[in-house]
Amino acid sequence: MDTQGKPKKNNFEIQKETETFSIKKAWGGVFNQATDPRMERFTESISFDQRLYYHDILGSQAHAKMLETVGILTPEERDAIISGLDAILQDIESGKFEYKIELEDIHMHIERALIERIGDTGRKLHTGRSRNDQVSTDLRLWMRDAADHVDGLLKNLQRAFIGRCDEDMDCILPGYTHTQRAQPVLAPHYWMAYCEKYDRDRQRIHDCRKRINILSLGAAALAGTSIPINRHMTAELLSFEDVGKNSLDISSDRDYAVEFVFVLTLIAEHLSSWAEEWILWSTEEFHFIQLPQKFCTGSSIMPQKVNPDTLELIRGKTARVVGDLQTLLVLLKGLPLAYNRDLQEDKPPIFDAYDTVCASLELAADIVAGTKLDREAISAKLDRGHLDATTFMEYLILRGIPQRTAHELVGKLVRKALNQKCRLADLSLSDFQEADASLDETVYSVLGVQQAILAFKSYGSTSQEQVKTQLNFWIKYLE
């Protein structure tokens, strides 16, 4: 802070204000006025799009190879461009590359550096393309890799859940609806429920990737180009599955970006739901689990506290990801064809959603693997809530009693058990026969949590046989 209480400017801000902005613009031929420095600062994107450097170089090298095959570049010029770009890549990755806001974006930075290295040959690289299709290509290449990385993190999280199923197979948990105890479930049944959710997320990632993996390069500014380029060759060099078919659409299309962030948002929502559940489970009121302390924090005033901060932030950061999706939707809602500078603003929410979800997934896998079930506390409370009531009702149905009649009968017996402050299994046979004279001792075969679990039979249920079948599937699937 300065003496007047105002924040001091950092070096980067001072540099922005004192630079002379003498660099000649690639688009400046028609202009007779220098760009206002404030406009430079307002319109730059290098502060966030520099992370596209690798994919920009990859796309440019493929473009150079294609230009050579159609006769725009000589083999020597192609090689000089490719070698020059390799050298720039090394400079960037070693931290030697200098960024200047007057060069606007990563594309102009790399092109200017190439020209400085190899001279006029570097000026030929931009033939047959525009920054409009170039940035879309870079973003698609980056998002393709990002989608694969997210898929891998989701798979790791699934493996973390599956990895604990064998040791937890004998643990029964209360299942909930409306946050009220409902029916008993095996712990692995819980774990594999999350695997199902994350697998749908993976399916959405794979499906989204198909629409990401379309080549934009060659659409140029909006109408294509009169240069005889070979877009299909470029697509093959960059492993794109197809080529964008309409140059107007290509220049304006960000559907793939919105879809990708939508998938990230659903992943974040699923993570948030899991985090919320485990936050509750870690409380003294539930006492189902003990979280790894290395993912918790304490209190500055209450020395006894072990707070589930990581889970709370996974839940909280979901709001950011939802906001990123909303940003993109609002950004695109009023744009006419074709390219508009508004689209520069697509990258911060894309990058933020990706970074946030990846960080959450990385931590989630370790939390799942390191968390311990408090079996003693779970067992002590397991008989609360009459979790066997539904199985008892279904026992009556199998004896020929209509479902609605059985439902009412069991409800009355639950009321009797509540009045006596006992379990259904603690009621006497006369209590059951008072409700229905046809009942006999076999009623006790479905009462109690353990007996209720044994009674399940349907595919996908929480019976031990079904759970083990599903576990074998997941083990093979995730190999």
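Counting only Cβ charges, +1 for Lys and Arg and -1 for Asp and Glu, the dipole size of the chain around its Cα centre is about 560 debye. With 26 Å as the limit on Cα-Cα distance, the pairs of Lys155/Lys294; Lys305/Lys421; Lys197/Lys372; Lys347/Lys476 that go past it are Lys305/Lys421; Lys347/Lys476. Using the rule -39500 (n - 2.57) for each DSSP H run of four or more residues, divided by the residues of the chain, the 222 nm mean residue ellipticity is -19000 deg cm²/dmol.
Assuming charge only on the beta carbon of Lys and Arg (+1) and of Asp and Glu (-1), the dipole of region 172-283 about its Cα centre is about 60 debye to the nearest 20. Shown here: P(r) over Cα pairs in 20 Å bins from 0, in percent, derived from the displayed model; of the candidates [x] 19, 38, 26, 13, 3, 0; [y] 21, 52, 25, 2; [z] 21, 43, 30, 6, 0, it corresponds to [x].
Quantify, in whole percent, the carbon and sulfur part of the accessible surface of region 155-289 (1.4 Å probe; protein heavy atoms only).
Details: 2820 of 5690 Å².
C and S fraction of accessible area: 50 percent.
For Arg211 and Glu479, the difference between the fully extended length at 0.36 nm per residue and the C-alpha to C-alpha distance is 93.8 nm. Counting only Cβ charges, +1 for Lys and Arg and -1 for Asp and Glu, the dipole size of region 50-135 around its Cα centre is about 140 debye.
Summing Lys and Arg as +1 and Asp and Glu as -1 over all other residues whose Cβ lies under 11 Å from the Cβ of Thr137 gives a net charge of +2.
Once you keep just the Cα pairs under 8 angstrom separated by 6 or more residues, what percentage relative contact order results for the chain?
On the way: 582 pairs, mean separation 69.2, N = 479.
Once normalised by length, the contact order is 14 percent.
Rounded to the nearest 10 degrees, the angle from helix 464-477 to the longest Cα principal axis of the chain is 20 degrees. Each of Leu335, His206, Gln304 was placed along the dipole of the chain (beta-carbon charges, centred on the mean Cα), and the one lying farthest toward the positive end is Leu335.
Which whole-number value in Å² is the accessible area per residue of region 307-419, probe 1.4 Å? Don't jump to the answer; show the numbers that get you there.
Values: 5640 Å² over 113 residues.
About 50 Å² of surface per residue is accessible.
Ranked by the mean number of other Cβ atoms within 10 Å per residue, highest first, peptides 134-141, 419-426 order as 134-141, 419-426. Between the residues Asn419, Ala435, Trp474, the greatest Cα displacement towards the positive end of the dipole of region 387-479, with unit charges on the Cβ of Lys, Arg, Asp and Glu, is found for Trp474. If you fit an axis through the alpha-carbon atoms of helix 106-118 and take the longest principal axis of the Cα set of the chain, what angle between them do you get, 0 to 90°, nearest 10? Roughly 40 degrees, rounded to the nearest 10.
Can you work out the FRET efficiency for the pair Asn340 and Thr390, with r the C-beta to C-beta distance and R0 = 56 Å, to the nearest 0.05?
Numbers: r = 57 Å, r/R0 = 1.02.
Given R0 = 56 Å and the Cβ-Cβ separation, E is 0.45.
In the context of the full set of protein chains, residues of region 61-158 present 37 Å² of accessible surface per residue (probe radius 1.4 Å, heavy atoms only).
Give me the percent relative contact order of region 299-401, please, defined on Cα pairs under 8 angstrom at least 6 residues apart. Write down the numbers at each step before the final one.
On the way: 24 pairs, mean separation 24.2, N = 103.
Normalised by residue count, the contact order of region 299-401 is 24 percent.
For region 202-259, the solvent-accessible area works out to 48 Å² per residue, with a probe of 1.4 Å and every protein chain left in place. Between 0 and 90 degrees, the angle of helix 309-332 with respect to the longest Cα principal axis of the chain falls at about 50 degrees. The modelled label-to-label distance between Lys421 and Gln90, using points 7 Å beyond Cα along the C-beta direction, is 8.1 nm.
Can you list which of the trypsin sites (Lys or Arg not before Pro) found in region 200-234 are DSSP loop residues with at most 14 other C-beta atoms within 10 Å? Walk me through the intermediate numbers first.
On the way: sites: Arg200, Arg202, Arg204, Arg209, Lys210, Arg211, Arg231; in loops: none.
When the trypsin sites (Lys or Arg not before Pro) of region 200-234 are filtered for loop state and at most 14 Cβ neighbours within 10 Å, nothing remains.
Of Val261, Asn246, His178, whose Cα points farthest to the positive end of the dipole of region 149-301 (charges on the beta-carbon: +1 Lys, Arg; -1 Asp, Glu; origin at the Cα centre)? Towards the positive end, the residue furthest out is Asn246.
The values are calculated or read from the model by the stated rules, or taken from the named source; none is laboratory data. A quick note: this is a predicted structure, and the numbers were derived from the prediction, not measured. Counting neighbours? That spans all protein chains shown, and the Cβs are built from the backbone with ideal geometry, glycine included. These area figures cover heavy atoms from the full protein model, side chains too; ligands, DNA and RNA do not enter into them. Shrake-Rupley method; radii C 1.70, N 1.55, O 1.52, S 1.80 Å.
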